[in-house]
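Only one structure is covered here, and it is reproduced in the block below.
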Amino acid sequence: MWGHEVWSMPVFGVAATIGVFELSLQLSKRYRWIHPLLLCSVILIVMLSVLDIPYEDYNQGGSLITFLLGPATVALALPLYRNWQRIMEQWLPILVGVTLGACVSLAGNAAIVLCLGGNEELAASMMPKSATTPIALELVRLYGGVPELGAVFTVLTGLFGSLVGVSFLRLIGVRSDRAIGLAVGTAAHGIGTAKVMRDSQVQGAYAGLAMGVMGVVMTVLSVPVTLLFFR
């Protein structure tokens with residue numbers, strides 16, 4: 001009973017998340033191969049499972065941190081402002097590139113699920129996973145998918161993109177900070193943007209822009225996607 005009272009307090013979720021993330025950051029500084037967000041997620045999942053803490057109890061405080069995603073996203077306006085002149089000179093190729101990325105993402109995700117024997121509900125849960133989490137979850141609901149699955153797919157996409165995205169792009173010969181930022185922001189939303197922001201302000205600016213444009217494009221495409229696939 002005493003443990004339940006502690007775990008259900010909002011301060012527990014906040015303290016646990018911040019404490020584990022700080023530990024993960026320190027370990028990543030010592031061991032460069034460690035991804036702090038991935039390690040933080042794994043530790044929190046193991047902790048909740050081992051201590052048998054209901055997710056609802058943890059989320060009393062965890063939701064407060066989730067709320068801060070809004071202000072954190074708005075903060076991306078600063079690197080955008082610093083690179084605004086360059087961005088405005090390239091607005092057409094940026095818009096076309098992100099739009100094509102959104103189309104490929106939606107079609108590719110659906111094709112993978114259906115070709116591997118998945119049903120429409122699973123496809124609907126996976127299709128918008130490259131959009132930022134709040135938009136992706138609303139699109140999953142609109143398509144008739146499972147929001148919980150959609151959240152998992154979206155977070156895993158961001159984590160995977162932040163882990164291998166930049167390395168893969170450099171491996172295939174992409175060197176431009178603009179191209180790297182746009183690619184990571186389009187494919188790996190906020191988590192990927194946070195990763196490249198630590199490496200380069202220019203990459204971060206373009207990734208933040210791509211993430212925002214991707215959300216708008218995904219929302220606009222939701223109408224034809226719903227009419228074509230989920231009528």
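The values are calculated or read from the model by the stated rules, or taken from the named source; none is laboratory data. Not measured: the values here are computed from a predicted model. Cβ sites come from the backbone with ideal geometry, for glycine too, and all protein chains shown count toward neighbours. With ligands, DNA and RNA removed, areas are computed over all heavy atoms of the protein, side chains included. Shrake-Rupley method; radii C 1.70, N 1.55, O 1.52, S 1.80 Å.
Table for the structure above
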{"read-out": "Criterion: part of a helix (DSSP H, G or I), modelled with pLDDT under 70, out of contact with any helix residue (DSSP H, G or I) (no Cβ under 7 Å at 6 or more places or on another chain) and within 19 Å of Thr132 (Cβ to Cβ) - qualifying residue of Gly70, Gly62", "value": "Gly70"}
{"read-out": "Flag for Phe153 being within 24 Å of Val96 (Cα to Cα) and open to solvent by 20 Å² or more (accessible area, probe 1.4 Å)", "value": "no"}
{"read-out": "Thr226 vs. criteria open to solvent by less than 40 Å² (accessible area, probe 1.4 Å) and either within 20 Å of Tyr81 (Cβ to Cβ) or modelled with pLDDT of 85 or more (or both)", "value": "no"}
{"read-out": "Residues satisfying the stated conditions in segment 106-132, i.e. in a loop (DSSP other than H, G, I, E, B), among the small types (Gly, Ala, Ser) and over 26 Å from Leu182 (Cβ atoms)", "value": "Gly117, Gly118"}
{"read-out": "The one condition in (1) surrounded by fewer than 19 Cβ atoms within 10 Å (Cβ to Cβ); (2) in a helix (DSSP H, G or I) that Val196 fails to fulfil", "value": "(1)"}
{"read-out": "Sole residue being hydrophobic (A, V, I, L, M, F, W, C), modelled with pLDDT under 85 and either more than 20 Å from the chain's Cα centre (by Cα) or surrounded by fewer than 16 Cβ atoms within 10 Å (Cβ to Cβ) (or both), chosen from Ile112, Ile87, Ile191, Ile172", "value": "Ile87"}
